[in-house]
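Have a look at the structure below, then the notes.
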Amino acid sequence: IAVLKREIAEVSRRRKHLRDRRTKNAQPTVALVGYTNAGKSTLFNLLTSGNTVASDALFVTLDPIIRRVRLSDGRQLLLSDTVGFIDRLPHQLVAAFHATLEEVAGADLLLHVIDGSASDIERREQAVITVLKDVDALQVPRLEVINKIDLVDRDALDRLRYMRPGAVFVSAAKGKGKADLLEAGGAWLGQARPRWAASKVLG
């Protein structure tokens, strides 16, 4: 336990240093969050042209993975993939995963990835919100990203679009919706006008 605590402290120190550098360089940060198996890592790979491990297993993404993403207007942002959330995440795990969860609390925008094919979307969504509350990240703006639309029939998809007019609909596995998501994220970040919005174009 003592060894793990020291390792967690070191990860936390390193992450704080990186966040301070990003703030100094006026780099916007966006974090992917979502219930486990919502397709976050697949979406991360789509947006970054990366090869992050995508798996149905729990807690595959324990250490935050951060890569640059260029928007259509030339700006760049830093996108991080995070651990998948579950119902009633024990406080011990919240503490153990706080390195990745700190990236969530320190982000400028959260992309809440939701499995559109799940039969219990509301329950999974509430589980994510509960964890965000536990790590003091509820104040971070969230953009809903409905994933796996290729697995949803037309009527159900129409209902989702009606019920969630502000969401972006994608199929990360099929490579659909990337441009729409980047455009929506860039527009949202511009409207929010955080610390870096009026600064130089990045890159």
Go through segment 81-166 and tell me which helices (runs of 4 or more DSSP H), entirely inside it, have 2 or more residues that are modelled with pLDDT under 90 and open to solvent by 80 Å² or more (accessible area, probe 1.4 Å). 91-96
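This table checks each residue for (1) modelled with pLDDT under 85; (2) out of contact with any helix residue (DSSP H, G or I) (no Cβ under 9 Å at 6 or more places or on another chain).
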site: Tyr35; (1), (2): no, no
site: Asn45; (1), (2): no, yes
site: Asn51; (1), (2): yes, no
site: Ala57; (1), (2): yes, yes
site: Leu77; (1), (2): no, no
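The values are calculated or read from the model by the stated rules, or taken from the named source; none is laboratory data. What you see is a predicted model, and the numbers here were worked out from it, not measured in a lab. In this analysis, Cβ positions are derived from the backbone assuming ideal geometry, glycine residues included, and neighbour counts consider all displayed protein chains. Just the protein is used for accessible areas: all its heavy atoms, side chains included, with ligands, DNA and RNA removed. Shrake-Rupley method; radii C 1.70, N 1.55, O 1.52, S 1.80 Å.
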